[in-house]
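Have a look at the structure below before the remarks.
The values are calculated or read from the model by the stated rules, or taken from the named source; none is laboratory data. Keep in mind that this is a model prediction, so the values were computed, not measured. FYI the Cβ positions are ideal-geometry reconstructions off the backbone, even for glycines, and counts take in every protein chain you see. For the accessible areas, the whole protein counts, side chains as well, though only heavy atoms, and no ligand, DNA or RNA atoms are used. Shrake-Rupley method; radii C 1.70, N 1.55, O 1.52, S 1.80 Å.
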Amino acid sequence: MKDKTIISAATLVTSLLAYWYAKSSEKDTGPMVMLGGFVGSIIGEQIVEHLQKKQKQ
């Protein structure tokens, strides 16, 4: 998988989870989705870094 695809997928998944959480707890969805996307991008970056380190070994 390409690096951008992994990061985008992680961002999408966490954004959707944050949206679902916000809707189910009757909170404002905008900030929650932005926060979820931010966290997802960090998770995606960590996954890519881990995979790159694994490939070099």
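Consider Phe38 against the criteria (1) open to solvent by 100 Å² or more (accessible area, probe 1.4 Å); (2) more than 8 Å from the chain's Cα centre (by Cα): it satisfies all of them except one. Which criterion is unmet?
Phe38 satisfies every listed condition except (2).
Can you tell me which residue in the range 14-35 is farthest from Lys4 (Cα to Cα), limited to those that are among the aliphatic types (A, V, I, L, M) and crowded, with 16+ Cβ neighbours inside 10 Å?
Our first condition is that a residue be among the aliphatic types (A, V, I, L, M); within the range 14-35, this holds for 16-18, 22, 32-35.
In the following step, the residues that additionally are crowded, with 16+ Cβ neighbours inside 10 Å were identified as 18, 22, 32-33.
Working: Ala18: 21, Ala22: 27, Met32: 23, Val33: 20 Å.
Across the range 14-35, the extreme among qualifying residues is Ala22.
Of all residues in the range 36-57, which are assigned to a helix (DSSP H, G or I) and farther than 15 Å from Ile7 by Cα? So that I can check it myself, show each step before the final result.
In the first step, residues of the range 36-57 are kept if they are assigned to a helix (DSSP H, G or I); the result is 36-56.
Hits for the range 36-57 are Lys53, Lys54, Gln55, Lys56.
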